[in-house]
1. Condition test on residue 32, is it closer than 20 Å to residue 123 by Cβ and open to solvent by 40 Å² or more (accessible area, probe 1.4 Å)?
2. If I ask for residues that are among the small types (Gly, Ala, Ser) and buried (at least 21 other Cβ atoms within 10 Å of the Cβ), which ones from segment 55-67 would you list?
3. Of the residues 109, 105, 113, 47, which single one is more than 14 Å from residue 31 (Cα to Cα) and open to solvent by less than 30 Å² (accessible area, probe 1.4 Å)?
4. If the requirement is being out of contact with any Asp or Glu (no Cβ under 8 Å at 6 or more places or on another chain), crowded, with 23+ Cβ neighbours inside 10 Å and of a type in the set (A, V, I, L, M), which of these qualifies: 24, 52?
5. Can you report the number of residues in segment 34-67 which are outside any helix (DSSP H, G or I), more than 19 Å from residue 118 (Cα to Cα) and within 11 Å of the chain's Cα centre (by Cα)?
6. Please go through segment 93-113 and pick out each residue that is modelled with pLDDT of 95 or more and not in a helix (DSSP H, G or I).
7. Is it fair to say residue 83 is open to solvent by less than 20 Å² (accessible area, probe 1.4 Å), modelled with pLDDT of 95 or more and not in a strand (DSSP E or B)?
8. Is one or more of the residues making up segment 68-76 modelled with pLDDT under 95 and either farther than 21 Å from residue 9 by Cα or crowded, with 20+ Cβ neighbours inside 10 Å (or both)?
Amino acid sequence: MTPEFIPQTAFVSPASDGERSEDAVLFVHGFTEGPEQFRPMAAWVNALGLDAVALSLPGHGGTADDFARSGRRAWEECVFGETDRLLTLYRRIVVAGHSMGGLLAVRAALRRADGVAGVVCIGCPLHV
């Protein structure tokens with residue numbers, strides 16, 4: 001019996017009902033992972049008064065064919081695009097990444113040092 005595949009999708013978890021906070025945390029998952037791993041951390045961030053955003057990288061959360069058609073450039077474009085978008089909505093953001101997502105978080109912060117207030121790397125590899 002094949003286990004049921006349940007795709008993971010990006011989510012936004014606001015700190016309060018109705019109003020956006022001034023700052024947010026962007027969560028970036030790792031290789032073959034997904035945004036659901038950040039639900040407990042999003043709740044913690046919300047309790048601190050920050051909005052939480054977890055994205056789903058291209059090719060992740062879908063089929064093996066979807067994954068095979070994605071790659072580093074698509075993942076970077078996704079993180080960079082979401083960083084740019086969030087910086088139009090929030091005063092500043094923190095980018096938090098797990099594993100490969102940590103590397104993408106560092107790259108996003110270097111690219112947008114004007115609005116990225118911090119980087120959190122969880123289990124980040126030293127290089128690819």
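1. Criteria met by residue 32.
2. Step one: filter segment 55-67 for residues among the small types (Gly, Ala, Ser), giving 56, 59, 61-62, 64.
The answer is 61, and nothing else.
3. On the way: 105 fails: more than 14 Å from residue 31 (Cα to Cα); 113 fails: open to solvent by less than 30 Å² (accessible area, probe 1.4 Å); 47 fails: open to solvent by less than 30 Å² (accessible area, probe 1.4 Å).
After applying the criteria, what remains is 109.
4. Residue meeting the stated conditions: 52.
5. Going through segment 34-67 one residue at a time, the tally reaches 3.
6. 93, 94, 95, 96, 97, 98, 112, listed by residue number.
7. So residue 83 passes the test.
8. Checking segment 68-76: at least one residue is modelled with pLDDT under 95 and either farther than 21 Å from residue 9 by Cα or crowded, with 20+ Cβ neighbours inside 10 Å (or both).
The values are calculated or read from the model by the stated rules, or taken from the named source; none is laboratory data. All values derive from a computational prediction rather than experimental measurement. Heads up, the Cβs are rebuilt from the backbone with ideal geometry, glycines too, and the neighbour counts pull from every protein chain shown. Side chains included, ligands, DNA and RNA excluded: accessible areas come from the protein's heavy atoms. Shrake-Rupley method; radii C 1.70, N 1.55, O 1.52, S 1.80 Å.
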